[in-house]
Amino acid sequence: MIHSMTGFGKASLQLPTKKITVEIKSLNSKGLDLNTRMPSVFREMELGLRNQISQRLERGKVDFSLYVEVTGEETTSKINVPIVKGYINQMKAVIPNADETELMKMAVRMPDALKTERDEIDENEWKQIQTVIDEALENIANFRKDEGASLEKEFQLRISNINNLMNEAVSYDAERVETVKTRLRTALDELQVNVDENRFEQELIFYLEKYDITEEKVRLGNHLNYFLETLNGTEANGRKLGFITQEMGREINTMGSKSNHTEMQKLVVMMKDELEKIKEQVLNVL
């Protein structure tokens, strides 16, 4: 079964003094383009986290966000008391009769009035956060799987349409051959010249061979079957499906250039339209 590169996963956990929320979003990309956002205290864990995400998601433009909402009374920002007192004393020297409350309001807005204490990572807390990350990764993986199932149905429909159009185009082959023969014979009759019938037949066969689409039909049919087989593979196969669609396009284009028949050319255009819809969606396949 194929998986989509588009997905979203979210998980959260309430700890005694904080709430942890993890969100992971992904879109299609040629490789893994990973962007992480998290509090600075967890930055030292980023390398291992990137490896974990890359192994699980493989490809895509991935945005990983780790949010920490403090719900208790703890805070990492504290008033720098000596600095604030120093500011107040300086302002009293400038404005002796100033109101203490107003001086305090001004002092706490001055540089370095607040100091931030860097927390150390709590190993037990990180283990709990890791379970949230695993849950979010599982959620986005399930999202991708469901999207992949929808894509698979779409691909099967488009492949079936191309196959039907191809068979319909081939049904005009005998009519096309007779049309070519008639056109050539009429042209010769209008010239009013004597023609060696054997030579005419040889030239006609040579001419028709250039417009024969049997080989293209066989190759296109093989590509269609290979595409369906690849859909049912167990490995990530988005790139392979892309390569197969390129080969399908070559055969359809060649059929179009050889068709020399109005109805057949219309069918080739319809096949190209179906193929373009496949190509658009293949870009989303993992």
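Only the coordinates and a few stated rules stand behind these numbers; no lab work does. Predicted, not measured: the structure shown is a model, and the values here were computed from it. As a convention, Cβ positions derive from the backbone with ideal geometry for all residues, glycine included, and neighbour counts pool all protein chains shown.
Things worth noting here:
- Taking 0.36 nm per residue of separation and subtracting the current Cα-Cα distance, fully stretching the chain between Leu283 and Asp212 would add 22.3 nm.
- Packing order of peptides 248-254, 218-224, highest average first: 248-254, 218-224 (average count of other Cβ atoms within 10 Å over each peptide's residues).
- Volume in Å³ per residue [convex hull over Cα atoms, computed for region 1-73]: 94 Å³
- Fraction of antiparallel bridges per DSSP, the chain only, in percent to nearest 5: 80 percent
- Exposure proxy for Phe243, Phe64, Phe42, Phe143: other Cβ atoms within 10 Å of each Cβ, ordered fewest to most, give Phe243, Phe42, Phe143, Phe64.
- Value of [θ]222 nm, deg cm²/dmol, for the chain, DSSP H segments ≥ 4, -39500 (n - 2.57) each, nearest 500: -21000 deg cm²/dmol
- Met38 long-range amide H proximity, modeled H, under 5 Å: Leu66
- Förster-model FRET efficiency, 45 Å R0, Glu100 and Thr36, C-beta, rounded to 0.05: 0.45
- Reciprocal mean inverse distance between Cα atoms of region 77-116 - Kirkwood radius, Å: 10.1 Å
- The angle between the Cα long axis of helix 262-282 and the longest principal axis of the Cα atoms of the chain comes to about 20 degrees, rounded to the nearest 10.
- Reduced Cα scattering model of the chain, Debye log10 I(q)/I(0), q = 0.08, 0.13 Å⁻¹: -0.61, -0.95
- Structure note, pairs Lys217/Lys279; Lys25/Lys153; Lys18/Lys85: Cα-Cα distances above 26 angstrom occur for Lys18/Lys85.
- Rounded to the nearest 10 degrees, the angle from helix 46-57 to the longest Cα principal axis of the chain is 30 degrees.
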